[in-house]
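J.: Submitted below is the structure of interest, expressed as C-alpha cells.
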Amino acid sequence: MTVNLYLMTFVLALALLWFGPRPALAVRIVSSKRARHWALGLVSLVTLLAVSVAPVRADRTEADTVDSILPFRYAWVKHDESPVYEAPGDPAHMTPTRMLHSSMWVSTEREVQVGEDVWYRIGEEAYVQASHLWMAKPSPFHGILLEAADRTPFGFVIGTDLNVRAKPGAASSNPPVGQLEQYTVVDILDSVTAADGVWYRIGADRYVHSTHIAAVTTMSRPEGVAVDEKWIAVNLAEQTLAAYEGDRMVYATLVSTGLPWWPTPEGLFQIQRKLRHGDMSGRTADGEIYYLVQDVPWTMYFDGPYALHGAYWHNGFGYQQSRGCVNLTPSDAKWLFDWSTPSVPGGERTVNAGKDDPGTWVYVYNVPAETSLHS
C-alpha cells in the first residue's frame, strides 16, 4: 500500500539520521539519553502505524491457526466519519447512528451481502460497509515452550533479514555470511564488544549485532514470590516476557510495551482480573471517543488499567508500541491466559482474583541483557 511505503521510508530516514551507518534498521529504546529516547520513540510510533496495516509474512496454515483461536475477525477503520447504521441497506435512505474515526479498530461478528455491497456487523444494531474497513492480519508469531532448564541465554531476531557475520563489527572487510529471518530463535553463546557496539556469538564464526536481538536471560525469583508459585517476568529493555514455575522458565516470547510517553509501570504486581475479550477506549472531556480498540482478546489486568493482552493490530513485537500495556501476539496471549491464574470458569467471560484463586505474579523490570551476560 502507498501509505506503508511513505511510512516505512520515513522510519528509515529517521533511523539513518540518528544512528548513522549500521548493519540494519534498529528502533529499540535502550539508551538513557533523553533526546535519543524520544527520537527512538517517534520512530517506534511511526513503525506502529506502518506495521498495523502491513501484510504479515506467514504461510496460510499459520494464519488459519491464528484466525481459529481469535473470538472475532477484526478490522481497521480507513476513513474519518465512517458511518455506522442500525442495519445494512442503502445509505442514501438511512441515517447513521454514530461515526467511526480513522485508525479505530472494530470486531466483526458476521458478513452481510446487500446487492453489490458487503457489510459487517460490529455490534448490536451496528453495521459498517466493508469499503470503510481494512481486515486485520494478526501476527502468527508465538513464543517457545522450554523443556530444558539450561536453555538460556537465547534471543529472538527482531526486524527482517538480519545479517550474520564471521566476526564482530560491520565493515566491508567483514561481509555478511548469511541472514536470519524475523523471529528466528538463536542461542547466545557469548557477547563481544566491538567499535559499533555489542555483538552476540550464535555459532562458530557467526555473529549478530545485539541491537537486532531481543535476548532472554534467566531472572532470579523476586522476593515475595514462593518457590512453588507461577510468575511472569517482563523485561522492558529487551521487550521480552518469560513465564516461570518457581525457578524454572517454562515459556518465553516477545512483547511490545509502552512508548516513552506512555510507560509501562515497573515493579511486582499480581493479576487482578482476567477478561476473555473487551473494548479499550479513550474519551475527550466532553465524552467523545477518540481511541477505540474493540474486543481486545485475553486481557490480564495487573495494575489498574495496565494489562497483558493480545494485540491483533500490529506485528511489531520486540519493539515498544503500546499505550502502557504489555502487548502479546494472539497465540501468546491465549497461552498465558490459560496458564495463569485466576482461572476463568468455562462459559464465563471474566473473573477477579481472590483469596481462593489469587492472581499470578507479574514482575516488570528494565535490565539490558548485556548487563546480565557480563555479570
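The numbers here are math on the coordinates, done by the rules we state, and not lab data. What you see is a predicted model; the values in this text were computed from it and never measured. So basically every Cβ, Gly included, is an ideal-geometry build from the backbone, and we count neighbours across all protein chains shown.
J.: Amide H neighbours of Phe154 under 5 Å, counting only residues 5+ apart in sequence or on other chains, H built in-plane at 1.01 Å?
T.: Amide H neighbours of Phe154, under 5 Å, 5+ apart: Ile188, Val216.
J.: GluC sites (Glu not before Pro) within the stretch 207-272: which are DSSP loop residues with at most 14 other Cβ atoms inside 10 Å?
T.: Qualifying residues, ordered by number: Glu223, Glu266.
J.: Pull up all non-local amide H partners of Val326: gap of 5 or more, or a different chain, and H-to-H distance under 5 Å with H placed in the peptide plane.
T.: Ala307, Leu308, His309
J.: Can you compute 3J(HN,Hα) from phi for each residue in the stretch 275-281, using the Karplus curve 6.51 cos²θ - 1.76 cosθ + 1.60 with θ = phi - 60°, rounded to whole Hz and x for Gly and Pro?
T.: 3J(HN,Hα) across the stretch 275-281, in whole Hz: 9, 4, 6, x, 6, 10, 8.
J.: While we're looking at this one, here's another question. Based on alpha-carbon centroids, what's the gap between the stretch 181-207 and the stretch 333-367 in Å, whole number please?
T.: Between the Cα centres of the stretch 181-207 and the stretch 333-367 lies a distance of 35 Å.
J.: In vacuum, with every alpha carbon of the stretch 153-215 counted as one equal point scatterer, what does the Debye formula give for log10 I(q)/I(0) at q = 0.17, 0.26 Å⁻¹? Two decimals, please.
T.: -0.47, -1.15
J.: Skipping prolines and chain starts, which residues have an amide H placed within reach, meaning under 5 Å, of the one on Leu236, given they are 5 or more residues away or on another chain?
T.: Those lying under 5 Å, H to H, from Leu236 are Tyr365, Asn366, Val367.
J.: Residue by residue through the stretch 104-119, what is 3J(HN,Hα) from phi via Karplus (6.51 cos²θ - 1.76 cosθ + 1.60, θ = phi - 60°)? Round to whole Hz and write x for glycine and proline.
T.: 6, 10, 10, 9, 9, 9, 7, 10, 10, 9, 10, x, 9, 9, 9, 10
J.: Would you kindly calculate the translational diffusion coefficient of the stretch 113-163, applying Stokes-Einstein with the Kirkwood radius from alpha carbon pairs, for 4 °C and a viscosity of 1.567 mPa s, and quote it in µm² s⁻¹ without decimals?
T.: This corresponds to a translational diffusion coefficient of 81 µm²/s.
J.: Show which lysines lie in cross-link reach of Lys230 when reach means a straight Cα distance below 24 angstrom and same-chain residues fewer than eight apart are skipped.
T.: List returned: Lys274, Lys334, Lys355.
J.: Any chance you could tell me what percent of the C-alpha pair distances in the stretch 81-219 go past 25 Å?
T.: 53 percent
J.: In the stretch 310-375, which trypsin sites (Lys or Arg not before Pro) fall in coil by DSSP and have 12 or fewer other Cβ atoms within 10 Å?
T.: Arg349, Lys355
J.: Here is a follow-up. Take every Cα-Cα pair in the stretch 72-139 and report what % of them are more than 17 Å apart.
T.: 34 percent
J.: Same structure again: P(r) tail for the stretch 218-373, what percent of Cα pairs lie past 26 Å?
T.: 23 percent
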